[in-house]
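Take a look at the structure set out below.
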Protein chains: 2
Amino acid sequence: MAAKAALNGKQMRSFHTDPMTGEKTGYADLDYGAVTIEKIQAPNAPPPSSTLVFGHSFSDHMVTANWNSLTGWAPPAIHPYKPLVLDPSSVIFHYAPSLFEGMKAYKDVNGRIRLFRPDMNMARLNRSATRIALPEVNGKELTKLIAKLVSLDADFVPSEPGHSIYIRPTLIGTQAALGVHPANEAMLFVILSPVGPYFKSGFKPVALEADPNKVRAWPNGTGSYKLGLNYAPGLQPQMEAATRGYSQNLWLFGPEHLLTEVGTMNLFTAIKNDKGQTELITAPLNGLILPGVTRDSILGLARDHASGKMRIEGLPEDLIVSERELSMKEVEQAGKEGRLMEMFGSGTAVVVAPVDRIGYEGRDIHIPVGEEGVGPIAKRMLDTINDIQLGRIEHPWSVAIDELI
Amino acid sequence: MAAKAALNGKQMRSFHTDPMTGEKTGYADLDYGAVTIEKIQAPNAPPPSSTLVFGHSFSDHMVTANWNSLTGWAPPAIHPYKPLVLDPSSVIFHYAPSLFEGMKAYKDVNGRIRLFRPDMNMARLNRSATRIALPEVNGKELTKLIAKLVSLDADFVPSEPGHSIYIRPTLIGTQAALGVHPANEAMLFVILSPVGPYFKSGFKPVALEADPNKVRAWPNGTGSYKLGLNYAPGLQPQMEAATRGYSQNLWLFGPEHLLTEVGTMNLFTAIKNDKGQTELITAPLNGLILPGVTRDSILGLARDHASGKMRIEGLPEDLIVSERELSMKEVEQAGKEGRLMEMFGSGTAVVVAPVDRIGYEGRDIHIPVGEEGVGPIAKRMLDTINDIQLGRIEHPWSVAIDELI
């Protein structure tokens, strides 16, 4: 019982605020400078790139950092990849206080390793943390820890085209006590998984089931936060859709059947208007939508193209970029009139995933994908983002890790 | 990497269905008869009952059972309470595949240990499992495992009035792989926590904040399942309510501000109608409401009283029992006209929790609680449920564990 009592702790959720000055005392921030590094004794050979399955193999090391509400963040550690050891009463097993980020690092054309927009992930991580009463994390320090970890496991970063190492920062509540209260203990960890291209041999467009009775998010809910708890409820709807031949759910919302997201991705739709202009549409950040880094990047590139700031060859010259509501009625109508040009999901793992079919109210809506299995906008976006990630285009979004540490 | 590869597994989510007969082959059910028991070497002294804090101390043993999609349930084990050891890529840390139940065991007036309606918990556990693609559990076998565990740790079951041992069956997805897929590995565990009465020295009514912008559940969501993921999103709203002097959230739904639940409890409201009859109202099981065992028990007792099947002294003779929608407008109106008689939350941990105040749209609605701090219906329900739990009233809801194993 002694060990359990120690795990339980008796701390209050308090930041030791000095009553005179209002300053937080004794509360430590996450500090890259305090990191301890324990290297693996017998390094493993990285798995052959041809065998990689997303998220199934991991590099030799990981980051962990522990937090408690009394003293803040303990010094972080980089150490060999190993299991977590947690009391069975730990809140993570009972009340789902967990959030994560998905990032990638790439070997560029010169062999330098680069991150893509890590500041976006750090900002989102902290929004997520606040939503479920977990502690905030100093994003700059965590980015340095990630850079150091990736540099230590550089051999695990594949250099083949389309390959990368997937980075999974995760924050969980760990307090060992069964009451439903904000956790007074938490653990941050980061693991790395070498990954191949999502589409190994050409694009395979996905078919979506759009069932208005399957709901991903709700106003004032948690759909706009990257929390673990948004994911488990989607498993059963996906299994059901699969029995009818659809690989992902198109999540609709409200009586107008607004398109929100697809599976675990943001969604883009290209529709030609009556003036013959192409409008690229994605749902607005209205609280129902995950603010995806790839979503934001595609919007940014599309707007820079449309404004002439950075033209992308092959995109419609008069592209209109819209964050707005889009209903199934409008999609169906555009389909009937031959104006539905393209649809694709976006996310860190896949970058873009072309859609060729939507099952809706007992019928199928077909979307052109051309001979390549991908529409022109998705393809240009993928190529441009890849070029930035690999340093073929100089761009502030791409950050070399050796400049961080 | 070898250990990690083994954890990851290569199994498909398949039940080895024989293609000729359709029978599941090689797939094992949870089997109490196969349990292995390892007793603690140096038993701990149970904590003094006066020191008990809900969910902070645990008994000497626990149940665990592992499942995988290829072979089903491995033989369960009862062994000393100890930490769980899980790969950091385990889905439980990333996508919230977790569910739990809350049950209690009591020492009755003759020293026999009794469970309360375990069949209800087992049925709900399996509904929850299906909702997040976790395996179903044979409820009868799990009930026997729980009975055996409690009998082994009988010294930890306090015998003082109002005390009990809280039982926490938990089921988590454990597969070590980062893709968002149904887990092909899972773990069931049961831990026990001796607990004292929720109200140690008389009732302390709770004040609720009713903010229509805080949402617990929505149609086709997960609000009617006992999943871990329903709990973390309530932490931040509760912290906010606390800054304004309210201890729990009254969760409203929809434009009519319907009353749904309170904190992590079901909700009952007693209103006098224009004929002078008392109506006891709780929200219907419309998909937004957790089907609480205490809720069901209160409804059952109230209906048996109203029908004359089992009268409860002190309850209004002409009690009307309603599972129906109730709006804040109706509650406010009843309050103004002096017809709002009583309000209380219900749940396994507290049994009943009287409410004396609701903060709503900038004003407070007051609810009578009398000198005792609890209304007559809540008090009679608590006493009757306690009498059944302690075997003072013979009732089929109360099950002695020695009859189960």
Just the number please: accessible area per residue for the range A:259-379, 1.4 Å probe, all protein chains included, in Å². 40
Give me, ordered by chain and number, the residues 5 or more places off B:GLU342 or on other chains with an amide H under 5 Å from its own placed amide H. B:ALA270
Cα gyration tensor, the range A:282-334 - rounded (a/c under 1.5), prolate or oblate: oblate
Mind pulling the angle between the C-alpha long axis of helix A:376-389 and the longest principal axis of chain A? Nearest 10 degrees, somewhere in 0 to 90. 30
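Shape of the protein assembly as shown from its Cα gyration tensor (a ≥ b ≥ c, root eigenvalues): rounded if a/c is under 1.5, otherwise prolate when a/b > b/c, or oblate? Please report the intermediate quantities before stating the final value.
Values: a/c = 1.77, a/b = 1.45, b/c = 1.22.
Taking the square roots of the gyration eigenvalues as a ≥ b ≥ c, the protein assembly as shown is prolate.
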In terms of modelled amide H atoms, which long-range or inter-chain residues lie less than 5 Å from the amide H of A:GLY72? A:ALA28
Tell me the net charge near A:PRO169. Cut-off is 11 Å between Cβ atoms, A:PRO169 excluded, with +1 for each Lys or Arg and -1 for each Asp or Glu. +2
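Report, in deg cm²/dmol and to the nearest 500, the calculated mean residue ellipticity at 222 nm for chain B, where each DSSP H run with n ≥ 4 adds -39500 (n - 2.57) and the sum is divided by the residue count.
Details: 7 runs with 82 residues, N = 405.
That comes out to -6000 deg cm²/dmol.
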The answer for B:ASN249, listing residues at least 5 apart or on another chain whose modeled amide H is closer than 5 Å to its amide H, is B:GLU209, B:GLY263
Please give the average number of partner chain Cβ atoms lying within 10 Å of the Cβ of each residue in B:232-242, rounded to a whole number. 6
Compute the long axis of helix B:293-307 from its Cα atoms, compare it with the longest principal axis of the Cα atoms of chain B, and write down the angle in degrees, 0 to 90, nearest 10. 50
Calculate the length of the line joining the C-alpha centroid of the range B:44-59 to that of the range A:362-405, in whole Å. 57
Value of relative contact order over chain A, rounded to a whole percent, pairs C-alpha under 8 Å and six or more apart: 17
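With a probe of 1.4 Å, find how much accessible area the range B:4-197 has per residue, and write the answer as a whole number in Å². Don't jump to the answer; show the numbers that get you there.
Working: 7160 Å² over 194 residues.
Heavy-atom accessible area per residue stands at 37 Å².
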Looking at the range B:96-136, residues buried by 40 Å² or more relative to their chain on its own, accessible surface at probe 1.4 Å, turn out to be B:ARG131
Keeping all protein chains in position, work out how much accessible area A:VAL350 exposes to a 1.4 Å probe, and write it in Å² to the nearest 10. 10
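Please report, in debye to the nearest 20, how large the charge dipole of the protein assembly as shown is about its Cα centre when each Lys and Arg carries +1 at its beta carbon and each Asp and Glu carries -1 there.
Numbers: 78 positive and 88 negative charges, 131 e Å.
So the dipole magnitude of the protein assembly as shown works out to roughly 640 debye.
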Once ligands and nucleic acids are excluded and a 1.4 Å probe is used, how much of A:VAL53 is accessible, expressed in Å² to the nearest 10? 80
Nearest 100 Å² is fine: how much accessible area is buried between A and B, summed over both sides, with a 1.4 Å probe? 5800
Shape category assigned to the range B:256-384 from the gyration tensor of Cα positions, a/c cut at 1.5: rounded
Derived scalar couplings ³J(HN,Hα) [the range B:162-174; Karplus, 6.51 cos²θ - 1.76 cosθ + 1.60; whole Hz; x for Gly, Pro]: x, 8, 6, 10, 7, 10, 10, x, 9, 10, 10, x, 10
Please figure out what share of the DSSP beta bridges in the range A:174-318 is antiparallel and state it in percent, rounded to the nearest 5. 85
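With every protein chain kept in the model, how would you rank B:LYS226, B:LYS275 by accessible area, 1.4 Å probe, largest at the top? Before the final figure, lay out the partial values.
Numbers: B:LYS226 20, B:LYS275 165 Å².
The most accessible residue leads, giving B:LYS275, B:LYS226.
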Surface accessible to a 1.4 Å probe, B:ASP356 within the full protein complex, Å²: 50
With everything on Cα atoms, drop me the angle between helix B:139-152 and the longest principal axis of chain B, reported from 0 to 90° to the nearest 10. 90
Over 26 Å between C-alpha atoms is what I'm after, so list which of B:LYS336/B:LYS379; A:LYS82/B:LYS226; A:LYS275/A:LYS336; B:LYS104/B:LYS379 land there. A:LYS82/B:LYS226
Tally up the carbon and sulfur contribution to the accessible surface of the range A:198-310 as a whole percent, 1.4 Å probe, everything protein left in place. 51
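The values are calculated or read from the model by the stated rules, or taken from the named source; none is laboratory data. Everything numeric in this text was worked out from a predicted model, so none of it was measured. Please note: Cβ atoms are built from the backbone with ideal geometry, for glycine as well, and neighbour counts cover all protein chains shown. Ligands, DNA and RNA are stripped out before the accessible areas are found, and what is left, the full protein with its side chains, is counted by its heavy atoms. Shrake-Rupley method; radii C 1.70, N 1.55, O 1.52, S 1.80 Å.
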